[in-house]
Structures are given as structure tokens and as C-alpha cells.
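Working notes, beginning with the structure itself.
Just so you know, all these numbers are worked out from the coordinates, no wet-lab data involved. Note that the structure is a prediction, hence the values are computed from the model and not measured. All Cβ positions, even for glycine, are placed from backbone atoms using ideal geometry, and neighbour counts span all protein chains on display.
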């Protein structure tokens, strides 16, 4: 293994700049746990499990895949603007250029704000990390000048595939339209499967190549913790940030309606069961704390290793880490 | 036609009118979506590499490809010549087909030839191979400017990054897919 001190120094500098941005914006840094009793419900994620053993009594614990539930409990306790910079864990996600099963996540929540305010935060955050208005990533120039590009899912499907999502709202309709245009829908079992198969193969590779791109207003089915769009409830107030074809961050205008949230969690819990994933409880404290969140708020999770990978011009996430699991297992 | 749902590294598939070798396969859970397998596949005839994302559990048509041990002999610039270890038959492949693997080919090195319909179409190197370091600068303790690594030239002429403690004459293990240093070879 090569331990590259130069990269470690560069990374350390970037981490300090991240913190300085939030200090300037008057956010409180909070420490969130790595081991939790109830992780977020995300139906498709595989979660690391462990046992706490006290005098032969076992309690199942999970390695957190996202600090989201904990952060919202703090919002409910009137903490105001907060951020956390921690390790998160996803089982099975290894290999390729952009995955390590443990990775550094930056999450921040802004009160009296919506997802559009978080787009500005992303632009300003990157400005704090680099003074450059243009960077080169893997021999490809990326223009960092703000404002960055903003394209809705509907616009992207129209642009690259000549398909309207809004006019193909059912599985049957979308399948028919996609197949008429010769898109591969093999093994797609529902509307979201077709969406992703087309998105991953025909849209994602183009994103953020010339300048960072915000992909916004995702179908509501793919945004369980987001507010619906006020203009068209088929879509929800969620965005993802792409730079150089790589997904960097995921943000929502947060849903704070506890009743609606509970209904969605029950649905997701059923789906986990159906997918034969580990089942865990619905976090009652989380639901209760939603009720005491007094303001509109928006939250975002950003993959720090991936952002650094782009700013340091590294092809593989492993090159930004001192102890990449992929290399250790090899 | 054999179908498989197990899209993994080393599998040969018939896809988009060609025969492809899966060189990388990875589970991805996009955003809030289901499970997909993102594969990097290499066309066994043209050597073109593309990425394609399959739905996890999707069946693909497995291609009939046989792997036969062979030995690299020499190249004359545009073609690379090999000999089958069992039949002693010689065959040649173009530089385009060999691609980046040429940096690890040196006289007598063993690898696999991938045969489609009995015809050698491509080669495959072992994932890790041992090479001798021919030249490298002595490592300097505490040198931060070089970031804990330095260049070393191996017997094939390729230059790779190695840790500072590696010396000329050392045998080292290299990951042939990305030309990265793995460890000292025993």
C-alpha cells in the first residue's frame, strides 16, 4: 500500500475549509452517532449490523448509513442551522471508481429555507474550497462559475430521450413510450425501474461534464422525505448535484408533516420486507420531533470523498483515502 | 444459449451484437432506486470499453468463450505474437486489441487467450503479477514533496508508483488492471 502524504495534506486542507464555510455561515457542528438502534428506512440499502452485549444480553445495533434521523431530532429540539461531518456505512457498495463501504458524509440543515437555498450553499461551499473558476477533472475542463446549471428530471428526459415523465405517469405508459423509442426496459418491474435504467444509461453520463449540474424535481416516488412540488405534486422538491458525471449530493425541502411521514415509512418498511432486507422499527421519537420543527427547512447529504476526488483530480475514490477497503481486501 | 443473472467480473456476454468481457461489476443503489449492476465491459474484438447498467437480477446471454493459457513471444510494433501452451500454435493480435496490457508484456510472460468460436480474440492478464524493479531512485526518509511514493521502472519498461522503501532488484506485485503497486512479492 502506498500512503500518499501529499494527498493527505491536501485533503486535510479541504476538510478545514469545509468547516470554515459553516463557521462563517454560523452553523453549529454536531456529532452524530456511528452506531444506532434504528437506522433510516431507505428500502434498498444494505446495512451493517452488530450486537451490543451487556451481561449476556444482546441488543442489535446498526452502523448508520445516514445521520438524517438524528439531525432532524436536533432540528425538532430547536437547534437551528446545523451540520455534521461523519463516517457512514453501506454494505455491498464496493468497487468501481466511486464507492467505499465506509465514506465521509457531510450533512447540513438550514431552517427557514428550501432546496433552492441549498443549491446556493453548494455553490458557495465549493467557492470556499477552491478559488479556481475552472478545474480540470480527468483531462476534462469543468467551469465552476456560478450560477451552475439547473435541469429538472422532466427537462432531462425530454432533452436526452424525448420522453415526458409527466405525460407517462403509469408503468404501462412509460414502458410503451420507452420501448417505442428503443430504450432497454428489460427486467424493469415498476415505473421507477424504467426511470433509473434510462437515467443511469442515457442521462447520468452527461451530467455536470461542462459545469456542475443540479438535477431537480424528482418523481415523488423517489423522495420519501421531501415535500411535494407546489406546482405539480407528481414531482417532489429534491435535487442531486452532479459534477463530472458523478453524483455528489442529494437534497430535499424537508417533509415535516409527521402523519404523512409515518405513512411513507410504513410503506418503505413493507418494501424492505418484500425485498428480504433486515427490518427495523419505525423511530417514534423521530416522528414526534418532526411535529416540533417550527420552520420550513431543507437538508442535504454530500459525499465528501467524491467532492474531494474531483477537486484533487483523482480518478478513483480510493486515491482520496489512506485506507481504502477495496485495496485492503485485494 | 445460456442465460445468467450473475453479472460479474470475468463473465463473457453477448450484448448489442458483440461479445463482451465484464471487466468490472458493481452493485449500485441510485438515489432512492432499486438495485442495479453497473458493469464496465470490453468488446473482445474491438477492445472498446463501455459502461452499461443492468437491473440487478436481469438475465444476460452468456457467451461461449474459452480461456487457454499462452505465452507472449514478441511484437513487431503493430502486432503482438503469442504461443498456445498446449498446442504450441502461434497467433498474433493487433496493438489495438492488446491496449494497455502491452505495458506488462515481456518475453515469455504467461497469460490467457480468450477464444471465441475457436479463434483467439483477446488476451487476459492475471489480476496480479510479479515484476522485477530495474531502476528507481533511493527513497529519502521524510520526503514530503514526493508524497510517500516514487517512480520505478519494471522489467517490461513500464513506470509505476511504488512506496519509498522499494529498491532496485526487488520483486513487486502489481495490480494489472490499474497498474498500481500491491506489495513486495515473496
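Arrange A:157, A:234 by Cβ neighbour counts within 10 Å, fewest through most, would you?
Numbers: A:157 22, A:234 15.
Arranged by neighbour count, lowest to highest, A:157, A:234 become A:234, A:157.
Segment A:245-268 and segment A:163-233 have Cα centres separated by 17 Å. Springs between alpha-carbon atoms under 10 Å, Gaussian network over chain B: tell me which of B:28, B:166, B:49 tops the mean-square fluctuations. With Cα springs under 10 Å in chain B, the top fluctuation among B:28, B:166, B:49 is at B:28. For a test of the definition: using alpha carbon positions, the gyration tensor, and the 1.5 limit on a/c, classify chain B as rounded, prolate or oblate. It is oblate, given that a/c is not under 1.5 and a/b is not larger than b/c.
Size descriptor for segment A:1-104, Kirkwood hydrodynamic radius: 16.2 Å (Cα pairs only, one decimal).
In nm, what is the difference between 0.36 nm times the number of residues separating residue B:102 and residue B:87 and their Cα-Cα distance? If you can, show how the numbers build up before the last one.
Values: separation 15, 0.36 × 15 = 5.40 nm, distance 2.34 nm.
That pair, residue B:102 and residue B:87, stretches by 3.1 nm at full extension.
For chain B, modelled as a GNM whose springs connect Cα atoms under 10 angstrom apart, the maximal fluctuation among B:102, B:55, B:173 occurs at B:55. When peptides A:115-123, A:177-185 are ranked by their average number of other Cβ atoms within 10 Å per residue, the highest-first order is A:115-123, A:177-185.
To make sure I understand, if each residue's beta carbon is the centre and we count other beta carbons within 10 Å, what order do A:295, A:44, A:202 fall in, fewest to most?
On the way: A:295 12, A:44 20, A:202 17.
With the fewest neighbours first, A:295, A:44, A:202 line up as A:295, A:202, A:44.
Dividing the Cα radius of gyration of segment B:128-184 by 2.2 N^0.38 Å, with N the residue count, gives 1.04.
Each principal axis of the Cα atoms in segment A:215-266 has its own extent, and those three values, largest first, are 39, 23, 15 angstrom. Working from Cα pairs under 8 Å separated by at least six residues, relative contact order for chain A is 22 percent.
Ranked by Cβ crowding within 10 angstrom, fewest neighbours first, how are A:5, A:276 ordered?
Working: A:5 17, A:276 7.
Fewest-to-most Cβ neighbours within 10 Å comes out as A:276, A:5.
Across peptide B:148-154, the mean count of Cβ atoms from other chains lying within 10 Å of each residue's own Cβ comes to 2. Take the Cβ atoms of residue B:66 and residue B:126, set R0 to 25 Å, and the FRET efficiency comes out at 0.90. Note on A:190-202: average number of Cβ atoms from other chains within 10 Å of each residue's Cβ is 4.
What value, in deg cm²/dmol to 500, does the helix sum -39500 (n - 2.57) over DSSP H runs of n ≥ 4 give at 222 nm once divided by the residues of chain B? Intermediate values should be presented prior to the final figure.
On the way: 1 runs with 4 residues, N = 186.
Calculated from helices alone, the mean residue ellipticity at 222 nm is -500 deg cm²/dmol.
What's the average, rounded to a whole number, of partner chain beta-carbon atoms within 10 Å of each residue's beta-carbon in A:216-222?
That average works out to 1.
With only the Cα atoms considered, chain A has a convex hull volume of 161 Å³ per residue. Within chain A, DSSP assigns beta bridges of which about 90% are antiparallel (rounded to the nearest 5). Considering the zone a paramagnetic label at residue A:78 would reach in this model (a point 7 Å from Cα along the Cα-to-Cβ line), which residues of segment A:286-307 have amide N under 14 Å from it? Under cut-off, by backbone N: A:292-295. Full extension of the chain segment joining residue A:59 with residue A:234 gains 58.9 nm, where the gain is 0.36 nm per residue of separation less the Cα-Cα distance. Go ahead and estimate [θ] at 222 nm for chain A from helices alone: -39,500 (n - 2.57) per DSSP H run with n ≥ 4, summed, over the residue count, rounded to 500. That comes out to -10000 deg cm²/dmol.
Under the Kirkwood approximation applied to all pairs of distinct alpha-carbon atoms, what is the hydrodynamic radius of segment A:84-148 in Å?
Values: mean 1/r = 0.0688 Å⁻¹.
Roughly 14.5 Å, rounded to one decimal.
Highest mean packing comes first when the peptides B:80-87, A:80-87 are listed by Cβ atoms within 10 Å, giving A:80-87, B:80-87.
Based on Cα contacts under 8 Å between residues 6+ apart, chain B shows a relative contact order of 14 percent. Considering only A:114, A:192, A:51, the mean-square fluctuation computed in a Gaussian network model of chain A, springs between alpha carbons under 10 angstrom, is largest for A:51.
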